[in-house]
Amino acid sequence: MPTKKALLTLLIIISPILSISQELVTPSYFGKDYFILEGTDIADSLKESPYDRLPKAYKEKVRKAVWDLSKASAGMSIRFYSNSTSISVKWTVLNDNKMNHMAETGIKGIDLYFNNAGNWQYLNTARPQGIESESLLINNMEGEMREFKMYLPLYDGLVNIEVGIDANSVIKKPLKNTRKPIIFYGTSITQGGCASRPGMAHTNIISRKLNTDCINFGFSGNGRMEEPIAKLISESDPAFYVIECLPNMTAEQVTERTIPLVKIIREQHPETPIVLVENFIYTQSILNKEMDEKITNLNTALMTEYTKMMEGGMEHVYYVDSKNATGDDHEGTVDGVHFTDLGFIRYADFLIEKFREFGLVAVE
């Protein structure tokens, strides 16, 4: 049996070897000049941070709650090519947010995907460690050029992110996706609550399945068809708009704001399709009569405004009945309202099918 002296001698001998080994696997990190940012069409120069969702000029135009929520990088991703045998990530978040009904990996983690023969395949999630985090996402790969995508935090702001690769490998920007994006304006669910990881928000699922950039204007508790956001999204040139604000509104607000929101968009985009989505059926509403009445009133108000537009000759506006949006077994939420990954997968598939019915995306 080795003596303590022998073990100590062995440790002294191998310590330099361990240090050399650790040094050899230390990644080289590269910042935003080496990847493209997706999920936003607002120039970096117009924002306080590249990972904000609103221009800095809107700080005084929107309510403080909306501005604060716009700091979250929901719906954004970075994309790059590399021939590295390992991929790491180092990132800093703004607030180190926590919630009691959502995994921290979804709030402030980073997802890694790669392009596998034209389909985006999930690889791993970088788990947050606080304000500053660093994680090895994958190693032991063959050193061939691949396309990677990292999804950014849903419910925290991103101060900085860097991609780590082997010291002797390369990283380069891919070409920008030339398809027009889809713009989503909505609530906490739109923002991604409560996906277990960033890639599972429905806007990100839809983006992968349709190979189309999706821009996420989901504001938790604050998606209310408000004029400043309507004006902002009207400045973009999307394939179409998806408005899913009802869970944050009253029936009276739906009556007051639906047609004005559509008209603001129509001033800039006379023919761009606009999809209006009903309030989801909450699980408790089957027994909670007050909740059931509220949802019914919200959806009735939206249908009434939609009917007015149809009767007035408004074209390219579509209505989505949300029945069975997350399935008929009531198992798609974490709290009866906010979606789990199961709920988001079902909802994404549900919306894609609706988009196909409306002729907005190609039928497979």
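The values are calculated or read from the model by the stated rules, or taken from the named source; none is laboratory data. Owing to the predicted nature of the structure, the values given are computational and were not obtained by experimental measurement. FYI the Cβ positions are ideal-geometry reconstructions off the backbone, even for glycines, and counts take in every protein chain you see.
Taking the condition of being among the charged types (D, E, K, R), farther than 14 Å from His316 by Cα and part of a loop (DSSP other than H, G, I, E, B), how many residues in segment 244-296 meet it?
Within segment 244-296, residues that are among the charged types (D, E, K, R), farther than 14 Å from His316 by Cα and part of a loop (DSSP other than H, G, I, E, B) number 1.
Select the strands (runs of 3 or more DSSP E) contained entirely in segment 88-147, then report the ones holding at least 3 residues which are buried (at least 21 other Cβ atoms within 10 Å of the Cβ), assigned by TED's automatic domain parsing to the domain that holds Glu48 and touching a residue at least 40 places away in the same chain (Cβ under 8 Å). Working first, answer last.
Working: elements: 110-116, 119-126, 132-138.
Result: 110-116.
Considering segment 94-122 alone, what residues qualify as being closer than 23 Å to Arg208 by Cβ, in contact with a Ser or Thr (Cβ under 9 Å, 6 or more places away or on another chain) and not polar (S, T, N, Q)?
Those that are closer than 23 Å to Arg208 by Cβ, in contact with a Ser or Thr (Cβ under 9 Å, 6 or more places away or on another chain) and not polar (S, T, N, Q): Met102, Ala103, Gly106, Lys108, Gly109, Ile110, Asp111, Leu112, Tyr113, Trp120.
Identify, from the list Gly343, Gly327, the residue that is at positive phi and free of Cβ contacts under 8 Å to residues at least 24 places away in the same chain.
Values: Gly343 fails: at positive phi.
Going through Gly343, Gly327 in turn, just one is at positive phi and free of Cβ contacts under 8 Å to residues at least 24 places away in the same chain: Gly327.
Taking the residues in segment 297-317 that are among the hydrophobic types (A, V, I, L, M, F, W, C) and not in a helix (DSSP H, G or I) as candidates, determine which candidate is nearest to the chain's Cα centre (by Cα).
Val317
Condition first: closer than 17 Å to Ser188 by Cβ and either β-branched (Val, Ile, Thr) or not assigned by TED's automatic domain parsing to the domain that holds Gly193 (or both). Can you find one or more residues in segment 288-306 that meet it?
Within segment 288-306 (the criterion being closer than 17 Å to Ser188 by Cβ and either β-branched (Val, Ile, Thr) or not assigned by TED's automatic domain parsing to the domain that holds Gly193 (or both)), the answer is yes, since at least one residue qualifies.
What's the number of the only condition in (1) in a strand (DSSP E or B); (2) at pLDDT below 95 that Tyr185 fails to meet?
Failing condition for Tyr185: (2).
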